[in-house]
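Notes follow the structure.
The values are calculated or read from the model by the stated rules, or taken from the named source; none is laboratory data. Predicted model only: the values in this text are computed from it and were never measured. Glycine also receives a Cβ, built like all others from the backbone with ideal geometry; neighbour counts cover every protein chain displayed. Areas reflect the complete protein model, heavy atoms only, side chains present, ligands, DNA and RNA absent. Shrake-Rupley method; radii C 1.70, N 1.55, O 1.52, S 1.80 Å.
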Amino acid sequence: MRAWVLLSAVLWYLTGVGWQRSSERNEKGFIYGKPGHPVKVYVKLHHSSPILVCMDFKLAEKETVDPTYLWIGPNEKPLTGNDRINITKTGKLMVKDFLEPLSGLYTCTLSYKTVKAETQEEKMVKQRYDFMIFAYREPDYSYQMAVRFTTKSCVGKYNDLLFRVLKKILDNLISDLSCHVIAPSYKCHFVKLPKHGLVHELFIAFQVNPFAPGWKGTCNGSVDCEDITNHNILQARDRIEEFFRSQAYIFNHDFNKTLPAMHFVDHSFQIWFVVLGLLVPMLMLHVRPAFLSTSTELNLAHKLQKSQHEN
């Protein structure tokens, strides 16, 4: 199966990496409950959880009389302090050395009194807070990549089709490593080239991630397989780099330098080394415009080119 595409780097595209792990985190790093809504919390394996507070932020700004706290774990049994579970007298919970079986629903019930000053009448109030805690793994590093394609127009379905074909090819290229392409995105722009007129180009960006479906099988039962995922992501990077390097050879030998309407942009492939949320530029591949290779895609390429000429 063969397909052609033209690729280039998107320097401005590569913005924030990662996600907000909780919507109720305050400046001290505490995570407060939210009445009626479970708060999602993500904890990296073998790390301590953030501090969960058995109270919502609004209530924490007020005084509470005779408060008591009852934490229930994922096994629906009351939690008590031990080497892994730390519960303070003020209802704060932290789980140390978090493991995958510890994921699940953590519920805390806060009980406190309201007292009328004039009559000293007491009323017991109870409020429940739910926290959904998930264990996650991540490699020590990953790779952000960017490329460009020329295209005949920014309007039409062919750009999206090309985008999807490229993602499929790259996913197939690294699937045996339990890696896949995530967060793919593209935009079409007008580009003024020196000594040329305006051309349309697709700016494409994506990240290579080592946690494709079935990735656990690569760990061979190991509890912590970061070394394995790091090795796999490095191999995936090398394969994708070599894939784009090979396009010039395919173009010169298979297509007699006939340039299609949509093709890979020379000097456009770039890689960023992502460490702890930092993007570090690694290299730019200097290759000639070329075709992506493999045999069903060749038919698709000709159909796309023909359709664009007809339009």
Exposure of Met94 as accessible area (Å², to 10), given a probe of 1.4 Å and all protein chains: 40 Å²
Candidates per trypsin sites (Lys or Arg not before Pro) in the stretch 63-98, loop by DSSP, up to 15 other Cβ within 10 Å: Arg84, Lys89, Lys96
Solvent-accessible surface (1.4 angstrom probe) belonging to His196, in square angstrom, nearest 10: 120 Å²
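Residue separation times 0.36 nm, minus the C-alpha to C-alpha distance between Ser153 and His231: what's the value? Provide the component values of the computation, followed by the final result.
Working: separation 78, 0.36 × 78 = 28.08 nm, distance 3.99 nm.
Separation in residues times 0.36 nm, less the Cα-Cα distance, equals 24.1 nm.
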Accessible area (Å², 1.4 Å probe, nearest 10) - Glu121: 100 Å²
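Taking a 1.4 Å probe, which of Leu193, Leu170 shows the most accessible area, and what order do the others take after it? Numbers along the way, then the final one.
Numbers: Leu193 60, Leu170 5 Å².
Output order, biggest surface exposure first: Leu193, Leu170.
Starting from the Cα gyration tensor of the stretch 57-157, take the square roots of the eigenvalues, sort them a ≥ b ≥ c, and report rounded, prolate or oblate (rounded when a/c is under 1.5, otherwise prolate if a/b is larger than b/c, else oblate).
Numbers: a/c = 3.87, a/b = 2.03, b/c = 1.90.
Judged from the Cα gyration tensor, the stretch 57-157 comes out prolate (a/c at least 1.5, a/b above b/c).
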Amide N proximity, the stretch 51-87 versus Gln127 label position 7 Å along Cα-to-Cβ, cut-off under 19 Å: 51-72
Largest to smallest accessible area among His200, His267 [probe 1.4 Å]: His267, His200
Exposure ranking of Asp56, Asp83 by accessible area [1.4 Å probe, largest first]: Asp83, Asp56
For the stretch 64-115, with +1 on Lys and Arg beta carbons and -1 on Asp and Glu, the positive-most of Gly73, Thr88, Ser103 along the dipole: Thr88
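Residue separation times 0.36 nm, minus the C-alpha to C-alpha distance between Lys113 and Asp171: what's the value?
Working: separation 58, 0.36 × 58 = 20.88 nm, distance 5.79 nm.
Gain in length upon complete extension: 15.1 nm.
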